[in-house]
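A short worksheet on the structure shown next.
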Amino acid sequence: MTVLLGVLGVIGRVLLGVLAGIGCLLALVVLLLCVPVYVRAQYGPELGLTVRYGLIPIRLLPAREREKPEKEPKPARRKKKPAQPAEKKPKPPLRQTLAKYGIPEHLPETLHELLLALLELGRLGNDVRRSLTICRLEVEVVCGGSDAAQVAIHYGQAWPMLLGLEQALGQAVRIKRFEGTPVLDYSAPEQVWRGRIVVRFVPLRITAAAIRRGLRIFGGYRRVKKLGQSGEQPAQQAEKGVTVHEQSGT
């Protein structure tokens, strides 16, 4: 009896250690997902893109050029004869392809679940949009050209364009700071747009929204799969339910 209790105690300690390790790992993952991510983008005169995770900056554009070591020329190889192209097999009908992958042919129910999946994807896009925050957005419009009258017209049109841009973005995403300034530069050859933006988001919110919407889409797929395994149309199932109810009533 004491030996059995000792074995059970060892198994219990091992299980507790495994659960503690899994809990620490999950806590570490959640902690890493709580760290905010900043995306900095710049347009004009050159394109720049930098991602900062916590205190770690990662520059994506412009990419750093790496010096490639010079490779020695390889000796010429003999050319192989081109292989004869294989005969193409005829494509199976669409219904056979759907049946092969277990996708049911109940068009009304499948279409219904597909629309629900698209709706969940749209809601996921809204969740992602709400989790984004534009910390700073700077837009500069340089009005230039050879014709002074056209430059003045472009300068006057730039103000309402910047105002409309701020209102449109403000309705979609939360903006903390927006700076839009048109600049008159008669020496510039044409009108030039320049911009800088800093976007902030927390990966945990996006991950939670993706998991929630993904589970709903998977649930709809499971319902469609069960209907395909039963091999009956929804109308047939309803008729059977009505006949069974009538028989039980008689």
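The values are calculated or read from the model by the stated rules, or taken from the named source; none is laboratory data. A quick note: this is a predicted structure, and the numbers were derived from the prediction, not measured. We place every Cβ from the backbone using ideal geometry, glycine too, and count neighbours over all the protein chains shown.
One table, with the values for the structure above:
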quantity	calculated
Single condition PRO104 does not satisfy, out of (1) surrounded by 14 or more Cβ atoms within 10 Å (Cβ to Cβ); (2) at pLDDT 60 or above	(2)
Count of region 128-162 residues which are assigned to a helix (DSSP H, G or I) and either closer than 21 Å to VAL198 by Cβ or touching a Cys at 6+ places or on another chain (Cβ under 7 Å) (or both)	9
Qualifying residue in region 148-165 (condition: closer than 30 Å to LEU204 by Cα and under 23 Å from the mean Cα position of the chain (by Cα))	no
Counted residues, region 133-156 - those being within 14 Å of VAL183 (Cβ to Cβ) and either surrounded by 15 or more Cβ atoms within 10 Å (Cβ to Cβ) or not small (Gly, Ala, Ser) (or both)	11
Pick from region 166-182, criterion in a strand (DSSP E or B) and not basic (Lys, Arg), ranking: farthest from the chain's Cα centre (by Cα)	PRO182
Close pairs (9 angstrom Cβ cut-off, 6 or more residues apart or separate chains): within 10 Å of ALA210 (Cα to Cα) and among the aromatic types (Phe, Trp, Tyr) in region 114-127, loosely packed, with under 14 Cβ neighbours inside 10 Å and modelled with pLDDT under 85 anywhere	none
